[in-house]
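Take a look at the structure below.
The values are calculated or read from the model by the stated rules, or taken from the named source; none is laboratory data. Note that the structure is a prediction, hence the values are computed from the model and not measured. All Cβ positions, even for glycine, are placed from backbone atoms using ideal geometry, and neighbour counts span all protein chains on display.
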Amino acid sequence: MPRLSCWFVRMALVYLLVGFTLGALLLAAKGLGRWPLLWRWLPAHIEFLVLGWTGQLILGVAFWIFPRFGGRRGREGPAWLAFGCFNLGVLMAGLGPALGAPAWVMTGGRLAEVAGIAAFIWHIWPRIKAIGM
């Protein structure tokens, strides 16, 4: 498995662990009727599991499994940029509401996620070819 795919999958597992931990704490708070401030972490729980875990895992496996032409994966710079932007976006969009940050932090996080996806598409586009080409 290439190094970048390893990093994508590792970060996906970190987000899975943190997201499940937040979910367990939220479930305990709901069951016990305590810690009402813990519900501020619900957006982080959702963000970490939906985009942090699932999105990162998809990107990591896609980087690894898409066809390589000439034994190379092409320029990896845009894929590393995607890794950085996507993680920055997940952290900003997930932690912003929980920490009481202004609304522009979540907007910036969403823009960073979109920039990460765009950078990944920029990297992967030359690796998409019709059969027989």
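Looking only at the range 17-42, residues that are buried (at least 17 other Cβ atoms within 10 Å of the Cβ) and in contact (Cβ under 8 Å) with a residue 40 or more places away in the chain come to 1 in all. The sole residue among GLY89, GLY108, GLY84 that is crowded, with 18+ Cβ neighbours inside 10 Å and outside any loop (DSSP other than H, G, I, E, B) is GLY89. Of note, TRP104 satisfies the criterion of being at negative phi and out of contact with any His (no Cβ under 9 Å at 6 or more places or on another chain).
For the condition modelled with pLDDT under 95, under 30 Å from ILE128 (Cα atoms) and either touching a Leu at 6+ places or on another chain (Cβ under 6 Å) or charged (D, E, K, R) (or both), PHE63 qualifies.
Restricted to the range 92-105, and to residues there that are part of a helix (DSSP H, G or I) and either basic (Lys, Arg) or touching a residue at least 12 places away in the same chain (Cβ under 8 Å) (or both), the residue that is surrounded by the most Cβ atoms within 10 Å (Cβ to Cβ) is GLY94. Pairs meeting the criteria (first residue in the range 61-77 and part of a helix (DSSP H, G or I), second residue not small (Gly, Ala, Ser), beta carbons under 7 Å, at least 6 apart or on different chains) are ALA62/ILE124; PHE63/PRO2; PHE63/LEU4; PHE63/PHE8; TRP64/MET1; TRP64/PRO2.
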